[in-house]
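Take a look at the structure below.
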Amino acid sequence: MEIRSVKRKKNKKREDVIKEDRISNLPDSLLHQILLLLPLQSAAITSSLSKRWRSLFLSLPDLDFTSINENPKPPSFSSNSIYQLLSLRHHRDATNNLRSLRFRTPITFTSLNSLIRLAVTQHVQDLDVEVTTKDYFNFPRWIVTSQKLRTLKLKSSYPGFRLPPSSSICGGFQKLTSLSLSLVILYNQPYLSDFFTDPNFPLLEKLALESCFGLKELRVCCRLLQEFTLKKSLQLDSLEVSGNNLHRLKVVSCFHSYPKESIVKINTPNLKTFLWNSNAVTTTVHFLNKLVCLRKAFVGVLLLHQDINSQTQSLFTLLSELCHSYKLQLGNQSVEILSSKKGLVKNHLIPFHNMRFLELQTRFDRHNVQALSCLFKSCPMLNILLLKIINDQTSERRQWNKDLWDMSNSEIQHWESQTYEVESFLNNLEFVEIHGFLECENEMSLAIFLLRHGKALIKMTLRSSFLCRDNLRRQMIRSQLMGFSKASSKAKISFH
């Protein structure tokens, strides 16, 4: 009998263990981490399990409404439901802080202001908002007054919003470290010379501005700023950026207000990355300090008119200031300007002694050859050359129809005449990669020259962007190149 009673007790204990809800007994902090791994809609379903789970959901520190499937039918969370959820959180526990809030929704300005007021009341630190409204709206004043906000991303999909005047934000944004604004309407205040400054943003480390319509003059001067991105400010005429801690500067699609004069002033002595893409060539470029810490630079300019000669000097000034860069990338139209009659023919780039990686985007027409040879001369310590050839109908590139060993070709003769000038370049170049390789005269001449004189050359990679119908001709060219490599530099050639 005693044995049976002992067995009953053991079985009862096993049943108790099975019935025990071990997950619910976990601490709130751990359960919050589990719920945050789920899409918000799935996490919301758990609130129906019990009072404990409802309390857990309403106390989640992060609410990401963007984790819901895009364009659900019907919408899972409207602006009203977002407001109701924030209200429930606040009424349940006024001390329950909200760490981050993200949502994208069509909304009225009144509803947006109410949502942000509730979020600020709950001491939100990270706010990511993308909205569509029926009309322009003013920058929500509750954001300015928040003393807990660390990160702010405000994007208007349509039609845009207005910034508050600089005088009205004095004392606000004192804790903000990251700011991103998109689709800003600035026709009534086109000159932002005292907005992004230390008194208004004393702790700002990251700033991104996109689609600033009407902006003509911008000055950014924040001592702790480390990264600044400016995109799609087409009417911009003047840009001034300064900061000893700025490490990354990116400017894209700006200065399209030709024929007006445009000015750029940069005072960033510790800059490491400089990206200048799809911008018109500015009238004046002035760097107040040498960029001795620069590691990577990209320069891709736009030609808004045919007067290339007037833009040449400005581009030379810009490139000369980037002479300390370890890596340089030049866009197609940058190479075109350097190839103009008043380009490298009458100008000389200062040496890029620190450069080890050079990427060039070019149509590689005949008139580009001299510009390329001058660039090679300016990079005596280069190790890696990446050439991206743009194949279009305007390119004047002739097929290679001569014997590869025939040195009477005019293109080969040009490169051979440069052997002494680019000797240091040839002595250090180790890797060459050519994209868009079609065995045309210009690229074949360059490949032959590098294979013949590249004393340090280890590997040459040739990538074709089109299928060649004449496979026999291609195989002949490839086999001759392979033989040429073995006879001179002994570099490995790879075809793709």
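The values are calculated or read from the model by the stated rules, or taken from the named source; none is laboratory data. It should be emphasised that the depicted structure is a prediction, and the values quoted were computed from it without experimental measurement. Note that each Cβ is placed from the backbone with ideal geometry, even for glycine, and that neighbours are counted across all protein chains shown. Areas reflect the complete protein model, heavy atoms only, side chains present, ligands, DNA and RNA absent. Shrake-Rupley method; radii C 1.70, N 1.55, O 1.52, S 1.80 Å.
Does Lys216 satisfy the condition of being of a type outside the set (Val, Ile, Thr) and touching an Asp or Glu at 6+ places or on another chain (Cβ under 7 Å)? Answer is yes for this residue. Annotation note: of Leu37, Leu30, Leu58, the sole residue that is modelled with pLDDT of 85 or more and closer than 17 Å to Leu86 by Cα is Leu58.
Tell me, which residue of the stretch 84-107 that is under 17 Å from Lys155 (Cβ atoms) and polar (S, T, N, Q) is surrounded by the fewest Cβ atoms within 10 Å (Cβ to Cβ)? Out of the qualifying residues, it is Ser100.
Condition check ((1) aliphatic (A, V, I, L, M); (2) in contact with a helix residue (DSSP H, G or I) (Cβ under 6 Å, 6 or more places away or on another chain); (3) surrounded by fewer than 21 Cβ atoms within 10 Å (Cβ to Cβ)) across all residues:
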site: Leu426; (1), (2), (3): yes, yes, no
site: Phe431; (1), (2), (3): no, no, yes
site: Ala447; (1), (2), (3): yes, no, no
site: Leu451; (1), (2), (3): yes, yes, no
site: Arg463; (1), (2), (3): no, no, yes
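Just a yes or no: is a residue in the stretch 195-207 at pLDDT below 95 and among the charged types (D, E, K, R)? Looking for residues that are at pLDDT below 95 and among the charged types (D, E, K, R), one finds at least one in the stretch 195-207, hence yes.
Only one entry of Pro159, Pro202 meets the criterion of being surrounded by fewer than 16 Cβ atoms within 10 Å (Cβ to Cβ) and in contact with a Phe, Trp or Tyr (Cβ under 7 Å, 6 or more places away or on another chain), and that entry is Pro159. Select from the stretch 134-145 the residues that are open to solvent by less than 10 Å² (accessible area, probe 1.4 Å) and not in a helix (DSSP H, G or I) and write down the one among them that is nearest to Ser100 (Cα to Cα). Checked the stretch 134-145; the qualifying residue nearest to Ser100 (Cα to Cα) is Pro140. I'm trying to understand the selection: among the residues of the stretch 275-302, which are out of contact with any helix residue (DSSP H, G or I) (no Cβ under 9 Å at 6 or more places or on another chain), part of a loop (DSSP other than H, G, I, E, B) and open to solvent by 60 Å² or more (accessible area, probe 1.4 Å)? Within the stretch 275-302, Leu288, Val292, Arg295 meet the criteria. Residues in the stretch 164-186 that are within 22 Å of Lys216 (Cβ to Cβ) and surrounded by 19 or more Cβ atoms within 10 Å (Cβ to Cβ): Ile169, Leu179, Leu181, Ser182, Leu183, Val184, Ile185, Leu186.
The residues in the stretch 81-135 that are under 28 Å from the mean Cα position of the chain (by Cα) and among the aromatic types (Phe, Trp, Tyr) can be counted, and the count is 1.
Residues are listed down the side, and each one gets a yes or a no for (1) under 28 Å from Asn279 (Cα atoms); (2) touching a Ser or Thr at 6+ places or on another chain (Cβ under 7 Å); (3) assigned to a strand (DSSP E or B):
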position	(1), (2), (3)
Ile116	no, no, no
His123	no, no, no
Glu130	yes, yes, yes
Lys155	yes, yes, yes
Gly171	no, no, no
Gln174	no, no, no
Tyr187	yes, no, no
Phe195	yes, yes, yes
Ala208	yes, yes, yes
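Tallying residues that are over 25 Å from Tyr191 (Cβ atoms) and among the polar types (S, T, N, Q) within the stretch 262-276 yields 2.
Summed over the stretch 279-333, residues that are more than 21 Å from Asn267 (Cβ to Cβ), among the hydroxyl-bearing types (Ser, Thr, Tyr) and at pLDDT 90 or above total 1. Screening the candidates Leu204, Leu215 for the property of being within 20 Å of Asn279 (Cβ to Cβ), of a type in the set (A, V, I, L, M) and in a loop (DSSP other than H, G, I, E, B) yields one hit, Leu215. From the list Lys260, Lys265, Lys272, the lone residue that is more than 18 Å from Leu288 (Cα to Cα), open to solvent by 30 Å² or more (accessible area, probe 1.4 Å) and touching a residue at least 12 places away in the same chain (Cβ under 8 Å) is Lys260.
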